[in-house]
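Written out below as structure tokens is the structure these notes cover.
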């Protein structure tokens, strides 16, 4: 008999349900009916902390492959607060999680999430729980895996937005900035920018010089192209900002007179070029809706790979994409590491060769 | 020999190229090759004022049915400035438009646009030019026609955004506001709201009481539904605001501490319910990209109907949808009139019967 | 206390669940909790005949707005067999339906379906049952309503197929036939054909002359357009075929050496022009998947209108679209009548004006 | 000065224009204006054989990123006929291609295509022409590259078809077969099948036993699931067929009483289970329309990588995806080799672990 708990944690994204289904279906397929019991833990680690969970039925996992969001609910439980006592309820969170794990008599806890989630997964693993995790995030910034699920679906949506904006930009002769999600990693902006035919792509990894951006736009105008498209990550930073100390950065952000960096850039472009410049922020739209086929297959594969580790009793790992294969990677190796876009990565080089301005 | 000028004016939207193609193809189909000449006027009325236009070829109208935007370019030329002299260039705009019309030796000017555009079209008609116009706007707020092209495409996009946000709202137990375009008319918000399964729909025509909105959200929570979706028009107004004088309204808007009404509402909901409340503003995304099949057929039909009026020499009209038919409606009858959502329209009643909160 | 039964009958289409939800939500919204009971009858009239039904809960109608298909299941129960005894089970179907209606103590039966379904609905109404029906079909061929739900969603899909085929046709210089659903009515083919930019549209209402079709393709080649797109209804017929007696027609169809009329036309075009000609049959794909926003709003409105008739006790009607309104139309007036495309309808005229070959 | 010829050959697919644009933009970006000249060769190798080509302008490559098909046209020129004299025109094809290459004074020929195309590219390379090729095919069956462009777009379309069919299958309690493209390789069927939630996936690489398929469907019925979805490659073969000699196979196919293998399987299922079984064949729909964002980025990257080889004068290679990188692979190494799905590949294993019947 295997008793397995599943939770999804952090910002939701496309493919969570597909992955949950992958884990569950593979387990139900392997074990006899009375040999496997799956518990759904509600709203991520919060459910594990406060003991909210329910026993699932096989039918709960049917028909969810194409559904966005997560049938288990999710919440953000910052890693840095995991060791902090919840005063209001006088709860030691780590202890509470271990207790509920034992209350359910789990053989294993399956965790789907991004960077913060993996850190807590590693913590629980070090605390002696059997953990298997899956790499989920539209940011694609998880260490140890070629790609995360949710990423391609978000790229599809952001690209669709750029496509639509393109026709308006052309018709009106405007500059348009599409602000994509991504505070620290520019994967989403980079891929959507190339796929959407952006003229300028600004990502956190490559601090931008506003003069370079302006020059690019002016050059386009000279060539008779009276519109320009900028794909800008919400975490894009200028070279001046990048040169600041951590403290100065915080102050600069706090004092910024714009809702986000894109509005600042838009203002600077308008000032310098006189060209009408607009900003569109698709926001949470990027993480919702049905997963794209790429993510459905990826999530399913990661799900069955996680199930295999459970069957083998091989714990303490995140399942990760490595070329054609899905392999286990120790949580201790990946927790706390961010995978950002290498400044000289093949994709960035391709963008430059194409003539896209990367801001530097 | 017929000589026809075409221009697209105001904010771009889906279906402009399909409509242009409809006019052109029907003319080329009717006349012998050397009997018809079509001029494309660049960037709307601006091109007519400043004499920017080009002779088009039949092939220019091929392959554009599915393209967003307008191959002719567009610009906003406020009606209220049409009689105002352009000091910088010492240009009497109306006089200049008439001169360029004569320079091209036009038999007729075809104008595609929304409310402002129709007003200027009427002005030019009164000034003696032969004008045929087509009803274009995602706002669906043109008087005299059942529907405008661009509207359904915008509804499709806004609904898609609501669909995607829905999964995030459910997974996180959040309140989400999707702000749809529409300063004075709520058609887009109303239709996208119903199609997207919104729980609350706020449109400019029905001033809202924030307490009613909050009560609706609280009632949902009581019923175990820990998320809510609000479709809010960018022109939605509170009952307090509606009661103000025109002057006071202006001052109130100028003083508003939020980027838009949705952020104000979000703040009030969070304060009153303690529930995390987020805003998504798809913005210009709503007016771009390929027209939906509904708009392609509609635009094509309006285009061929306009061509028919040209062939017949029946000028001074906007082509309008009336039931199954496309009919000519005198510009003088529709110019300057806004078609807003009747408070007791069948669609609003249906929304109420369904249990949707309309804010009042 | 109202007791309401709901069934969906005939081929499934987009918007069924949205309509069911509309009926149910409006009823739950109007009545107190213990004043309304809704029964779901399984697999259409079959469930009513054989007594398969279940009491529904309010939550059953939640989250189904965007789902394709029908949560109640459906089946084809030909009208002409309704009066025929089911020998195997010795069941008088009409009697059985009345008995199960009484067994459930229904105040009213809500029926969603197309032409056949409406005929049986009328029969049951004449037999004394309280019936309210909704117009469902991708064929748009129901008498008494401007439009049916499912139609626009099918147009969207068929247009998408034509769009995709277009690029292949252009790249290869081929003739392509896209065969759309529609045995007797050409609405779907006509609207998808115009929206997809078809060069030839063949519908059952306008028998085609293959020579006219071939001439059109040859003319395009002469003009340098080495590809052509034909949208052909599965029920398209040649002039020769149209001239046959009913008996001869049946024989002709039975003897036809091709899977469908499109393959016959493709063969004739290839023979006459030497141009590679291919056929694509999207088939059931056209009736599946999530309803488009247009259909969601339409289905919802029809649903709430049906609920209103139930609340008022106004039975024996189909809810129908008439301009901006939804009105009740007596079942006796519409049952058995087919709404085909008028040969001189505004849309057909527009297609002709555009230069589209209608085959005649 | 570099003089570059480009051609696209074989069945068209999504991403061809994006790749062409990638090559061209990177070349224009690298060279001064008068240092680079690009020739577009019309309709694939046919244009090179018969001397149909045109000098391209930079603007020809603008705005084509999102367009399906190929702006250069394409045709199928079987490799096995390349050495055969075209009697009608007394043309030695290979000689003619070399002559036109010299006539254009090319430094290099860029070839985009699938397996047959790569074989001819290798032939021309061995004949002394400078060749760079790109891997294009929805079949994903090219040796030497992790993936080809066009594949993911086709998966997206096929999955969408399965999604839509799903709702009909469920509502009617039917068995549905979706026949995907792929004569020799099952990649498309396998990935679309998993992404679409198919219950059975039949690919050419794994000959199927019809009894296994039937048993799977019956088991589902027993579990209360009255519908089943089969994703079947057009080249799927039964175990009996696989055991035949090459000659016997040919005869068997010639004698088959069904339009394709899917209809045969449908018939056998209906016979054995009594369940209504339908077939949908999306056909050419799968290779048309706008490339998905994944393919746009991939095509662009392959395009810029090809441009880099041209700049370096590194000829005789196909650009190929290898992990994160794009690398050159000698044409001699990959020509004539087919990459089929390994029977024990990680994706097949995942499908089996999930409980999907692979037919064996």
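Would you check which residues across the range D:142-154 are within 13 Å of chain A (Cβ to nearest Cβ) and farther than 22 Å from residue C:164 by Cβ and list them?
D:145, D:146
Taking the condition of being within 14 Å of chain A (Cβ to nearest Cβ), over 24 Å from residue C:187 (Cα atoms) and out of contact with any strand residue (DSSP E or B) (no Cβ under 6 Å at 6 or more places or on another chain), how many residues in the range B:284-333 meet it?
Initial filter on the range B:284-333 (within 14 Å of chain A (Cβ to nearest Cβ)): B:284-292, B:295.
Still in the running and over 24 Å from residue C:187 (Cα atoms): B:284-289.
Right, trim to out of contact with any strand residue (DSSP E or B) (no Cβ under 6 Å at 6 or more places or on another chain) and you get B:286-289.
Here the count works out to 4.
Could you tell me whether the range A:77-98 includes any residue that is out of contact with any strand residue (DSSP E or B) (no Cβ under 6 Å at 6 or more places or on another chain), within 14 Å of chain B (Cβ to nearest Cβ) and in contact (Cβ under 8 Å) with a residue 12 or more places away in the chain?
Within the range A:77-98, one or more residues are out of contact with any strand residue (DSSP E or B) (no Cβ under 6 Å at 6 or more places or on another chain), within 14 Å of chain B (Cβ to nearest Cβ) and in contact (Cβ under 8 Å) with a residue 12 or more places away in the chain.
Kindly provide the set of residues from the range C:123-141 that are over 20 Å from residue C:307 (Cβ atoms), under 12 Å from the mean Cα position of the chain (by Cα) and away from chain B (no Cβ under 14 Å), ordered by number.
Once the filter is applied, which keeps residues that are over 20 Å from residue C:307 (Cβ atoms), under 12 Å from the mean Cα position of the chain (by Cα) and away from chain B (no Cβ under 14 Å), the range C:123-141 yields C:137, C:139, C:141.
So, residue C:274, is that one at positive phi and either in contact with a helix residue (DSSP H, G or I) (Cβ under 9 Å, 6 or more places away or on another chain) or surrounded by 20 or more Cβ atoms within 10 Å (Cβ to Cβ) (or both) or not?
The answer is no for residue C:274.
Please list, ordered by residue number, the strands (runs of 3 or more DSSP E) wholly in the range C:12-122 having 3 or more residues that are over 20 Å from the mean Cα position of the chain (by Cα).
The strands (runs of 3 or more DSSP E) meeting that bar are C:36-41, C:53-55.
Take the range C:277-308 and flag every residue that is surrounded by fewer than 24 Cβ atoms within 10 Å (Cβ to Cβ) and either in a helix (DSSP H, G or I) or without any contact (Cβ under 8 Å) to a residue 60 or more places away in the chain (or both).
Matches in the range C:277-308: C:283, C:284, C:308.
If residue B:65 satisfies every condition in (1) touching a helix residue (DSSP H, G or I) at 6+ places or on another chain (Cβ under 7 Å); (2) within 14 Å of chain A (Cβ to nearest Cβ); (3) surrounded by fewer than 23 Cβ atoms within 10 Å (Cβ to Cβ) but one, which is the exception?
It fails just one condition, (3).
Which of (1) away from chain D (no Cβ under 14 Å); (2) under 18 Å from residue C:200 (Cβ atoms); (3) in contact (Cβ under 8 Å) with a residue 24 or more places away in the chain; (4) part of a helix (DSSP H, G or I) does residue C:266 not meet, given it meets every other one?
Every listed condition holds for residue C:266 apart from (1).
Just give me the residues in the range C:172-182 being at pLDDT below 95, at negative phi and part of a loop (DSSP other than H, G, I, E, B), in sequence order.
Answer for the range C:172-182, where residues must be at pLDDT below 95, at negative phi and part of a loop (DSSP other than H, G, I, E, B): just C:174.
Within the group B:217, B:206, B:157, which residue is in contact (Cβ under 8 Å) with a residue 24 or more places away in the chain, touching a helix residue (DSSP H, G or I) at 6+ places or on another chain (Cβ under 6 Å), away from every other protein chain (no Cβ under 14 Å) and not in a strand (DSSP E or B)?
Working: B:206 fails: touching a helix residue (DSSP H, G or I) at 6+ places or on another chain (Cβ under 6 Å); B:157 fails: away from every other protein chain (no Cβ under 14 Å).
One residue alone meets the criteria, B:217.
Select, from C:192, C:169, C:185, C:198, the only residue that is in contact (Cβ under 8 Å) with a residue 12 or more places away in the chain, more than 11 Å from chain D (Cβ to nearest Cβ) and assigned to a helix (DSSP H, G or I).
Within the list C:192, C:169, C:185, C:198, the selection yields C:192.
For the condition farther than 26 Å from residue C:115 by Cβ, away from chain D (no Cβ under 14 Å) and free of Cβ contacts under 8 Å to residues at least 24 places away in the same chain, what is the one hit in C:35, C:55?
Just one listed residue meets the conditions, C:55.
The values are calculated or read from the model by the stated rules, or taken from the named source; none is laboratory data. Fair warning: this is a prediction, and the values are worked out from it, not measured in the lab. Cβ: placed from backbone, ideal geometry, glycine included. Neighbour counts: every protein chain shown.
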